[in-house]
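*Asks:* Quick one: the structure is below, and I'll ask about it shortly.
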Amino acid sequence: MSAQISQSTLGTDPFATEGQELAGTMDWIMSEERSLSGPEEMIAVLEGALRLVCDGETHELETGQGALIAEGSVRRLSPRGPALVYRVRYKA
């Protein structure tokens, strides 16, 4: 399995921060985002809902849920309306 689904209780205003090895953002996703592959990434849905397709597996994520996506996994995020998402990516 290339995505692990978990519950979250996060919630705050949008922001972005970056360190030596990690980059964190919180932003509204308004339209589909695709990536052929990417670094390890953790996402948490703070508001709204979205569909995560990761290496062909489909996961429906709602407020308070999150996923850990393995490095190199092909991923697509499709919001069902506006979705506030917190993301932390490992900088390769």
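*Asks:* Give the residues of region 45-92 that are of a type in the set (G, A, S) and either in contact with a Lys or Arg (Cβ under 8 Å, 6 or more places away or on another chain) or part of a loop (DSSP other than H, G, I, E, B) (or both), sorted by residue number.
*Replies:* So in region 45-92, the residues of a type in the set (G, A, S) come out as 48-49, 56, 64, 66-67, 70, 72-73, 78, 81, 83, 92.
Matches in region 45-92: G48, A49, G56, G64, A70, G72, S73, S78, G81, A92.
*Asks:* Mind telling me which of the residues P79, P39 ends up being more than 10 Å from the chain's Cα centre (by Cα), at pLDDT 95 or above and on the phi < 0 side of the Ramachandran plot? So that I can check it myself, show each step before the final result.
*Replies:* Values: P39 fails: at pLDDT 95 or above.
So the residue among P79, P39 that is more than 10 Å from the chain's Cα centre (by Cα), at pLDDT 95 or above and on the phi < 0 side of the Ramachandran plot is P79.
*Asks:* Give me the pairs, please: first residue somewhere in region 22-42 and within 15 Å of V53 (Cα to Cα) and free of Cβ contacts under 8 Å to residues at least 40 places away in the same chain, second residue anywhere and surrounded by 14 or more Cβ atoms within 10 Å (Cβ to Cβ) and of a type in the set (A, V, I, L, M), beta-carbon distance under 8 Å, and either six or more positions apart or on two chains.
*Replies:* Correct list of pairs: L36/V74; S37/V74.
*Asks:* Can you find a residue in region 20-29 that is modelled with pLDDT of 95 or more, of a type in the set (D, E, K, R), touching a strand residue (DSSP E or B) at 6+ places or on another chain (Cβ under 8 Å) and farther than 10 Å from V85 by Cβ?
*Replies:* No, there is no match, as no residue in region 20-29 is modelled with pLDDT of 95 or more, of a type in the set (D, E, K, R), touching a strand residue (DSSP E or B) at 6+ places or on another chain (Cβ under 8 Å) and farther than 10 Å from V85 by Cβ.
*Asks:* Go through region 30-55 and give me each residue that's touching a strand residue (DSSP E or B) at 6+ places or on another chain (Cβ under 7 Å), loosely packed, with under 13 Cβ neighbours inside 10 Å and closer than 10 Å to R75 by Cβ.
*Replies:* Scanning region 30-55 gives a single hit, R34.
*Asks:* Let me ask something else. Can you tell me how many residues within region 21-41 are part of a strand (DSSP E or B), within 10 Å of R89 (Cβ to Cβ) and among the acidic types (D, E)? Give the steps one after another, and end with the answer.
*Replies:* Taking region 21-41 first, the residues part of a strand (DSSP E or B) are 22-29, 33-35, 41.
Right, trim to within 10 Å of R89 (Cβ to Cβ) and you get 22-25, 41.
From what is left, the residues that are among the acidic types (D, E) are 41.
Residues flagged as part of a strand (DSSP E or B), within 10 Å of R89 (Cβ to Cβ) and among the acidic types (D, E) within region 21-41 amount to 1.
*Asks:* From G56, G38, G66, grab the single residue that is farther than 18 Å from G24 by Cβ and among the small types (G, A, S). Steps first, answer last, please.
*Replies:* Details: G38 fails: farther than 18 Å from G24 by Cβ; G66 fails: farther than 18 Å from G24 by Cβ.
Every option except G56 fails the conditions.
*Asks:* If you don't mind, another one. From the list T9, T63, T17, T58, which residue is modelled with pLDDT of 95 or more, exposed (fewer than 13 other Cβ atoms within 10 Å of the Cβ) and not acidic (D, E)? If you could, list the steps in order and put the result at the bottom.
*Replies:* Values: T9 fails: modelled with pLDDT of 95 or more; T63 fails: exposed (fewer than 13 other Cβ atoms within 10 Å of the Cβ); T17 fails: modelled with pLDDT of 95 or more.
After applying the criteria, what remains is T58.
The values are calculated or read from the model by the stated rules, or taken from the named source; none is laboratory data. None of the values given here were measured: they were computed from a predicted structure. Note that each Cβ is placed from the backbone with ideal geometry, even for glycine, and that neighbours are counted across all protein chains shown.
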